[in-house]
Protein chains: 2
Amino acid sequence: MVPSKTRDRILAAAARQFAHTGFRGTSLHDIAVEVGCSKATLLYHFDSKEAILVTLMEPAARDFVELDTRLRQLDVEAAREAAIEGFVDLVLRYRQEVALIYDTARQLFQQAPFEGYWPLVDNLTHVVAGRSTDPAARISAEVLLAGIAAIVIDRDEERDADLRPILVDVARRALLPRT
Amino acid sequence: MVPSKTRDRILAAAARQFAHTGFRGTSLHDIAVEVGCSKATLLYHFDSKEAILVTLMEPAARDFVELDTRLRQLDVEAAREAAIEGFVDLVLRYRQEVALIYDTARQLFQQAPFEGYWPLVDNLTHVVAGRSTDPAARISAEVLLAGIAAIVIDRDEERDADLRPILVDVARRALLPRT
DNA sequence: GTCTATAACTAGATAGAC
DNA sequence: GTCTATCTAGTTATAGAC
């Protein structure tokens, strides 16, 4: 762990490119070009491409462990509040690292032959936000749509009939004005 | 567009593997092995790897366009209701196709050297669900966390101070029992 | 610490026999 | 329609000079 200027520039370039293009989609060549060195230099500072990934994830991982430790010492409602705010703070602080985990959607969908579908995604989000011009309504709609899509994939063994009412419900609760 | 048994089996294998391992993470070799044919046979039925992707996305794309057309003819509240239910139905019907777009999280995070963090993710979700045993509470929490993470990445130009209160708010609205 | 050169491998795609 | 063999280009990683 000897501090090194080149080492830090490698980490910064890798974090940016992994977040933007994904781990698999980024080559050592790409990183070397941004840093302005050779691929061999990358592999002098790090044992492998994966070692770069692990190193740049370390600070985020440390903070995540710390949040987890804190939550385990609180009771139900205090923990829920701390978890909501702690999670939001965490993903805001480590955007690139989180992007590395949740990438792809933009990658694949924003380029040929699928770029033509963005207006439809945009309109769907607009409609779910109640065609409101309030940024908060728009962002809430984005959160719900992205979250629903992510969870349907994650729970790929779950029956549609079980998931459907729960998903429709959480969207309604989050989006509709309280009565 | 000549119907072909081999062609259909290629599409099914590709859909399954693209959803599971991602487009970049799946090779023509992998698909050929599952189908039980050679790479050359894949490329007899489709012009390229990308052509396979485009073809298997077609039905989902058609239904998405249809939903969009329907939404444009409804007024604000009817459209919002139709959008919520229509989107849920769409992602449930085309899980593999949606997984192809929203992959990665599992891929990277569920294997070395990061598999050790799943208990933390699990606990965070459990806490956000108010430590409830109700599946609906759990799923709602998953939707919110995944959605928040996705949107923070998407809106990478937005200032933290602008996003934070909106994200905390939508999570609270969706998760806390109504008063 | 950084480089050039290259090894060792894998990818998508093509040629041509059957 | 399917195959084997091959091409070309890109990948991570290593060797050894400076």
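The values are calculated or read from the model by the stated rules, or taken from the named source; none is laboratory data. As the structure is a prediction and not an experimental result, all values here were calculated from the model. Cβ placement follows ideal geometry from the backbone for every residue including glycine, while neighbour counts extend to all protein chains displayed. The accessibility values were calculated without ligands, DNA or RNA, using every heavy atom of the protein model including side chains. Shrake-Rupley method; radii C 1.70, N 1.55, O 1.52, S 1.80 Å.
Any chance the range A:14-33 includes a residue that's within 16 Å of DNA strand C (Cβ to nearest atom) and of a type in the set (K, R)? Don't jump to the end; show me each part of the working.
Just the residues of the range A:14-33 that are within 16 Å of DNA strand C (Cβ to nearest atom), to begin with: A:14, A:22-33.
The next check asks that each one be of a type in the set (K, R); those that pass are A:24.
The answer is yes, given that some residue of the range A:14-33 is within 16 Å of DNA strand C (Cβ to nearest atom) and of a type in the set (K, R).
List the helices (runs of 4 or more DSSP H) that sit entirely inside the range A:10-83 and contain at least 1 residues that are within 11 Å of another protein chain (Cβ to nearest Cβ) and either surrounded by 15 or more Cβ atoms within 10 Å (Cβ to Cβ) or on the phi < 0 side of the Ramachandran plot (or both).
Values: elements: A:28-35, A:39-45, A:49-71.
Helices (runs of 4 or more DSSP H) meeting the threshold: A:49-71.
Among the listed residues A:L120, A:L90, which satisfies the condition of being open to solvent by less than 60 Å² (accessible area, probe 1.4 Å) and assigned by TED's automatic domain parsing to the domain that holds A:A141? Walk me through how you get there before you give the answer.
On the way: A:L90 fails: assigned by TED's automatic domain parsing to the domain that holds A:A141.
Every option except A:L120 fails the conditions.
Is it the case that the range B:131-144 has a residue that's within 7 Å of chain A (Cβ to nearest Cβ), modelled with pLDDT under 95 and in contact with a helix residue (DSSP H, G or I) (Cβ under 8 Å, 6 or more places away or on another chain)?
Within the range B:131-144, not a single residue is within 7 Å of chain A (Cβ to nearest Cβ), modelled with pLDDT under 95 and in contact with a helix residue (DSSP H, G or I) (Cβ under 8 Å, 6 or more places away or on another chain).
As an exercise: evaluate B:I101 against (1) more than 8 Å from chain A (Cβ to nearest Cβ); (2) modelled with pLDDT under 95 and give the number of the one condition it does not meet.
The single condition B:I101 does not satisfy is (1).
Return only the number of the condition from (1) at pLDDT below 95; (2) farther than 23 Å from B:T21 by Cα that A:G22 does not satisfy.
(2)
Name every residue in the range B:155-168 that is assigned to a helix (DSSP H, G or I) and within 7 Å of another protein chain (Cβ to nearest Cβ), in order of residue number. If you could, list the steps in order and put the result at the bottom.
Of the residues in the range B:155-168, the ones assigned to a helix (DSSP H, G or I) are B:160-168.
Passing the criteria: B:D160, B:L163, B:R164, B:I166, B:L167, B:V168.
Does the range B:151-168 include one or more residues that are open to solvent by 60 Å² or more (accessible area, probe 1.4 Å), modelled with pLDDT of 90 or more and small (G, A, S)?
Within the range B:151-168, one or more residues are open to solvent by 60 Å² or more (accessible area, probe 1.4 Å), modelled with pLDDT of 90 or more and small (G, A, S).
Restricting the range B:169-179 to residues that are within 23 Å of A:R164 (Cβ to Cβ) and either within 7 Å of chain A (Cβ to nearest Cβ) or of a type in the set (D, E) (or both), which is surrounded by the most Cβ atoms within 10 Å (Cβ to Cβ)?
First pass over the range B:169-179, keeping only residues within 23 Å of A:R164 (Cβ to Cβ): B:170-171, B:173-178.
In the following step, the residues that additionally are either within 7 Å of chain A (Cβ to nearest Cβ) or of a type in the set (D, E) (or both) were identified as B:170-171, B:173-174, B:178.
Working: B:V170: 26, B:A171: 28, B:R173: 18, B:A174: 23, B:R178: 7.
Here the residue is B:A171.
Has the range A:77-93 got at least one residue that is in contact (Cβ under 8 Å) with a residue 40 or more places away in the chain, among the hydrophobic types (A, V, I, L, M, F, W, C) and either more than 12 Å from DNA strand C (Cβ to nearest atom) or within 30 Å of B:A161 (Cα to Cα) (or both)? Don't jump to the end; show me each part of the working.
Narrowing the range A:77-93 to residues in contact (Cβ under 8 Å) with a residue 40 or more places away in the chain: none.
Within the range A:77-93, not a single residue is in contact (Cβ under 8 Å) with a residue 40 or more places away in the chain, among the hydrophobic types (A, V, I, L, M, F, W, C) and either more than 12 Å from DNA strand C (Cβ to nearest atom) or within 30 Å of B:A161 (Cα to Cα) (or both).
Here is a yes/no grid of residues against (1) more than 11 Å from DNA strand D (Cβ to nearest atom); (2) not small (G, A, S):
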{"site": "A:V33", "(1), (2)": "no, yes"}
{"site": "A:K39", "(1), (2)": "no, yes"}
{"site": "A:D47", "(1), (2)": "no, yes"}
{"site": "A:A61", "(1), (2)": "yes, no"}
{"site": "A:L67", "(1), (2)": "yes, yes"}
{"site": "A:Q73", "(1), (2)": "yes, yes"}
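Testing A:V88 on (1) within 26 Å of B:L100 (Cβ to Cβ); (2) at the interface with chain B (Cβ under 8 Å from one of its Cβ atoms); (3) modelled with pLDDT of 95 or more, one condition comes back false. Which one is that?
All conditions pass for A:V88, except number (1).
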